[in-house]
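First comes the structure, then the notes that go with it.
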Amino acid sequence: MDISSLLVQMLNGLASASTLFLVAAGLSLIFGVLRIVNFAHGSLYMLGLYLAYASVEQLAPALGFWPALLLAPLIVGLLGGLMEWLLLRRIYHASELLQLLATFALVLIIKDAALALWGPQELFGPRAPGALAGAVDVLGRRFPAYDLLLIAAGPLVLALLHLLLNHTRWGTLVRAATQDRQMLAALGVNQAWLFTSVFALGSLLAGLAGALQLPREPASLELDMLTIGAAFVVVVVGGMGSLPGAFIAALLIAQLKALCIWLGLVTLGPLALDFPKLTLVVDFVVMAAVLIWRPWGLLGRAQDGARNLGLPEPPLQRAGRGAQAGWLALLAALALLPLLAGSDSYAVVLLTDIAIAALFAASLHCIAGPGGMHSFGHAAYFGVGAYALALLLRADALPLPASLALAGLAGAGFALLYGALCVRLSGVSLTMLTLALAQITWAVAWQWDGVTGGSNGLTGVWPPAWLASGARFYWLTLALAAAGIYLLRRLLLAPLGWALRAARDSAARAQAMGLDVRGVRWAGFTLAGLFAALAGALFALSKGSVAPDLLSVNRSVDGLVMVLLGGITQLAGPLVGAAAFTWLHDSIARATEYWRALLGAVMLLLVLLFPQGISGFARDWRWGAAIKNRAKGAL
């Protein structure tokens, strides 16, 4: 270790901080004005890099390198404006989760569009021309000259945004929209076009961040999710809607990562600390610490509860006798299916996956629907259950029923611990803390080679011989999933379920009535983790292996998509959504290489046409038909 290598790493951190800030600045602007958590923002960054590659390759000989490069963010800005005009403008009054579903659908569509246009391989762009192609001497070490340009780009963009927002009429309107949108509308300001321009500017900044990376890193289809995770961290740590806060947060996180790389492997007696491995998790550790200490971020302002709650919800209803008979008939038909189709048929395999997905989605619905705790980290308990069962089976110390029970309790233990931190928060702060804790869990599983198998995971997690023959495992999965879903349904119709809803709708009023709001939410959080872990354990048995992706944010988002597709206000919603999502995913993935785009298009249609979800639409249609029949009878 020497001072010159530390200085070079700090300079690398500054270059990374500028890129992080450019992405986060656009995301912060969009949230501050539109109140939308734009999950597609990382896709716009990725698109900026791909478009810069294509533009430089085709137009640089005629226009020059820099005009061709800077054309890419302009195109991304225009595309962002079109996205807002054609789609997002129609869902501003929908719930935050429904907006999330729409922007996640855009992630799928943009990824497959990039795949179709540029292929699956990484694309390396040319070096910047002139002196920026070389390196400069820093205390005897070579440092890329182009990175000096990136270091300057962040502060320059921050200064320009400050001038734009504080010294122009447009900036005044934007600041007014962040403070009081209703008053702005009452003054006659055309909010629709103001929102479009803000979204276009935010998209342009994401595209600019991507384009400026062309001489530095290859264009890759994996950049969308990697980028949006880092951008969320920066925005939340800095304070939602605060550009100076985002700049400070980007500097803090990038420099901490640079410091970890510089420290390398440090030996303290028998203890060896591999600091570079911490770069996978240090940003989420910072975000968790800031949210626990100051939920609104370093320079943010405390928010007034949740926004965009959507339409009022009718009370949860117990199933009538007809509905109960229908569910029992469906369960009986599913149990008889292997006898009719054969235990080795693909339908049995698919229905096993659907049953596991339904249990996972039902556990998430318990806290996200009636509980109002929107989680981006529910996969943590799913993955913990899978890993716990895998480790118990490999140890061969307990019978399977005991191992399944302990796997569920392991997930409940993690939910009990994480819930103690999460239930103190609400809204976006709670959502981001669940994401941070889940990513910390994922990073541990990814790197703990001696226990979790690291990135390779654990294999050989098969059911015992007595369970593997015929359709016995299918029947076990069906029975446990049905029992778990029934218990969750009973919980939501019991006093605890009504207390969860009271805490969601008005925590202050519920507290004043003597309800222990945090205790109620903590109990719901823990029970949801138990059933999610049971689903994860069944998943491990069905696939024969576990891997860190079971704990990833993608798995959590899949669960949210299932809940929203089915309808978050309906008890049957997660079951219908899990069945629809799993079937669509399977059918489309086998039919075309571009299954993500088709799945995203279906999700967008459902958001626009059936915002209440599939089961919600069915309920409304049934009620509408009943009202018409009564009207005809009256005539």
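The values are calculated or read from the model by the stated rules, or taken from the named source; none is laboratory data. Just so it is clear, the model here is predicted, and its values are computed rather than measured. Counting neighbours? That spans all protein chains shown, and the Cβs are built from the backbone with ideal geometry, glycine included. Note: accessible area is taken over every heavy atom of the protein model, side chains too, but ligands, DNA and RNA are not part of it. Shrake-Rupley method; radii C 1.70, N 1.55, O 1.52, S 1.80 Å.
Details
- If only residues of the stretch 12-30 that are open to solvent by 10 Å² or more (accessible area, probe 1.4 Å) and under 23 Å from G300 (Cα atoms) are counted, the one that is farthest from the chain's Cα centre (by Cα) is L14.
- A Cβ distance below 9 Å, combined with a sequence gap of six or more or placement on separate chains, defines the contacts here; from the stretch 229-241, residues that are within 14 Å of V428 (Cα to Cα) reach residues that are assigned to a loop (DSSP other than H, G, I, E, B) and charged (D, E, K, R) in the pairs G239/R294; G239/R301; M240/R301; G241/R301.
- Enumeration of residues in the stretch 177-196 that are touching a residue at least 24 places away in the same chain (Cβ under 8 Å) and either among the β-branched types (V, I, T) or on the phi > 0 side of the Ramachandran plot (or both): T178, T196
- For the residues Q99, Q9, the requirement of being of a type outside the set (G, A, S), over 19 Å from the mean Cα position of the chain (by Cα), over 19 Å from S220 (Cα atoms) and not in a loop (DSSP other than H, G, I, E, B) singles out Q9.
- Filter result for W293 (loosely packed, with under 15 Cβ neighbours inside 10 Å, at pLDDT 85 or above, out of contact with any Pro (no Cβ under 8 Å at 6 or more places or on another chain) and on the phi < 0 side of the Ramachandran plot): yes
- Among residues of the stretch 479-521, those that are hydrophobic (A, V, I, L, M, F, W, C), open to solvent by less than 30 Å² (accessible area, probe 1.4 Å) and either touching a Gly at 6+ places or on another chain (Cβ under 6 Å) or under 19 Å from H374 (Cβ atoms) (or both), counted: 9
- All conditions but one from (1) among the hydrophobic types (A, V, I, L, M, F, W, C); (2) within 15 Å of A523 (Cα to Cα); (3) in contact with a His (Cβ under 8 Å, 6 or more places away or on another chain) apply to L430; the one that does not is (2).
- Going through (1) open to solvent by less than 10 Å² (accessible area, probe 1.4 Å); (2) touching a Lys or Arg at 6+ places or on another chain (Cβ under 8 Å); (3) of a type outside the set (F, W, Y) one by one, A438 falls short only on (2).
- Candidates G600, G577, G567, G573: the one that is crowded, with 24+ Cβ neighbours inside 10 Å and in contact with a Lys or Arg (Cβ under 9 Å, 6 or more places away or on another chain) is G567.
- Filtered residue count, the stretch 11-46, keeping only those that are β-branched (V, I, T) and farther than 16 Å from G77 by Cβ: 3
- Qualifying residues in the stretch 111-147 (those that are open to solvent by 70 Å² or more (accessible area, probe 1.4 Å) and touching a residue at least 24 places away in the same chain (Cβ under 8 Å)) - the one farthest from the chain's Cα centre (by Cα): L139
- For the stretch 464-474, the criterion of being over 19 Å from the mean Cα position of the chain (by Cα), in a helix (DSSP H, G or I) and either crowded, with 20+ Cβ neighbours inside 10 Å or at pLDDT 95 or above (or both) is met by at least one residue.
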